[in-house]
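The values are calculated or read from the model by the stated rules, or taken from the named source; none is laboratory data. Fair warning: this is a prediction, and the values are worked out from it, not measured in the lab. Methodologically, a virtual Cβ is constructed for each residue, glycine included, from the backbone with ideal geometry; neighbour enumeration extends over all protein chains shown. What goes into the accessible areas is simple: the full protein's heavy atoms, side chains included, and nothing from ligands, DNA or RNA. Shrake-Rupley method; radii C 1.70, N 1.55, O 1.52, S 1.80 Å.
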Amino acid sequence: MTAAVDFELPARLEAHEPPEARGLARDEVRLLAGRPSGVSHHRFAELPALLRAGDVLVVNTSGTLAAAVGVVGVPMRLHFSTRLADGRWAVEVRGRDLRPLPGRAGELRLPGGASVTLEEPYTRGRLWSATVRAPLPVPDYLRRYGHPIRYPYVRREWPLSAYQTVFATVPGSAEMPSAARPFSERVVTRLVAAGVQFAPLLLHTGVASPEAHERPYPEWFSVPAATARVVNDARAAGGRVVAVGTTAVRALESAVTDGTVTAREGFTDLVITPSRGVRVVDGLLTGFHEPWASHLDLLAAVADPSTLRECYAEALRHGYLWHEFGDVNLLLR
């Protein structure tokens, strides 16, 4: 864990359901803004007032898969995480109580005549490299037989639409790129009217279990030439580059050469830490992350450590909500 933040997360601050179930629109969740000059409290719909003309919001267009499938004949669920370069999948085994199970090599039968063969551990025994045999391509199979991945703090099933952002166009993420969830059409329209630009990229995120905070493993990303041009031009003109989510930071920083963003795609194994720092990102819009989460290292690479500590102290003091259905944090350098 980064030395920048040390805290305990009370269970009462875990968001158990989407904000819509709490009587809020997506863009009515709370937004805590942190800058070197201090922190301030807002609703997400106020984001346009916190940015300025010429800034760029870098957004991930990956859509969320229904990546959880029940195992036939045993009380287990299988989470499809990431398609690997060799065509296999990284998968995670869970019990019906949604807690992780160690798993063991062998075949698991899935609905619809599909099967998965666990072959060898992929990360610390939690994820497995597996061969999938299915009557349909995996995304189509999951669309028919899968459910959104959820963790024990989410107490009931929600439809896949609850796990999609307004930017989702290319299905491929095991978990929602949740920092973008509060965006609504009206907020996007107001941002564009205020002179803020949007730059899309793609990173298909795998499972990031709250119980096991491993370093990020390779994930597929794509930064198009148009996005590289928008980001480079904005930086040259003095605009700020604000990534929406840690996934956007990882993808964008994976496409930097000598301080310039170039079009690039493939699997990225980049791990961003305070010692590595960031090359082109000036700010980050993100959810609040659990104690010991490796994501906190990335946050500490973007934000001043004292700003980050103050944000988390304020979030705890004022009852901000954690996880994918919770509140968000804007960090500006």
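Observations, loosely collected:
- With K and R counted +1 and D and E -1, the other residues having a Cβ less than 11 Å from that of LEU101 yield a net charge of +4.
- Near SER115: Cβ cut-off under 9 Å, other residues only, Lys/Arg at +1 and Asp/Glu at -1. The net charge is +1.
- Overall Cα dimensions of the stretch 238-285, principal axis frame, Å, largest first: 27, 20, 20
- Over the chain, DSSP H runs of length four or greater, each weighted -39,500 (n - 2.57), average out per residue to a 222 nm ellipticity of -5000 deg cm²/dmol.
- Label-zone membership for the stretch 73-110, site THR117, 7 angstrom Cα→C-beta point, backbone N under 17 Å: 84, 86-91, 104-110
- Taking amide H positions as modeled 1.01 Å from N, with prolines and chain starts lacking one, the residues under 5 Å from GLU14 and 5 or more places away or on another chain are TRP322.
- Rg over Rh [alpha-carbon atoms, Kirkwood Rh] for the stretch 77-181: 0.95
- q = 0.07, 0.11 Å⁻¹: log10 I(q)/I(0) that the Debye formula gives for the chain, counting C-alpha atoms only: -0.27, -0.69
- Per-atom-type breakdown for the chain gives carbon and sulfur 52% of the accessible area (1.4 Å probe, protein chains only).
- Site pair ARG333 and HIS42 shows an inter-label distance of 2.0 nm when each label is modelled 7 Å from Cα along Cα→Cβ.
- Spacing of the two label points (7 Å from each Cα toward its C-beta) at SER275 and ARG133, in nm: 4.6 nm
- Solvent-accessible surface (1.4 Å probe) assigned to ILE149 amounts to roughly 10 Å².
- About the centre of its Cα atoms, the stretch 213-329 shows a dipole size close to 280 debye [charges on the beta carbon of Lys, Arg (+1) and Asp, Glu (-1) only; nearest 20 debye].
- In order through the stretch 19-30: 3J(HN,Hα) via Karplus (6.51 cos²θ - 1.76 cosθ + 1.60), integer Hz, x for Gly, Pro: x, 4, 6, 9, x, 10, 6, 3, 7, 9, 5, 7
- Backbone geometry of the stretch 278-289 corresponds, through the Karplus equation with coefficients 6.51, -1.76 and 1.60 at θ = phi - 60°, to 3J(HN,Hα) couplings of 10, 9, 10, 8, 9, x, 8, 9, 8, x, 8, 9 Hz, x marking Gly and Pro.
- Normalised per residue, the volume of the convex hull around the Cα set of the stretch 224-333 (Å³): 111 Å³
- Cβ-Cβ FRET estimate between THR262 and ALA11, R0 fixed at 45 Å, reported to 0.05: 0.50
- Converting phi to 3J(HN,Hα) with the Karplus coefficients 6.51, -1.76 and 1.60 and the offset θ = phi - 60°, the stretch 168-174 yields 5, 10, 10, x, x, 9, 5 Hz in sequence order, with x at every glycine or proline.
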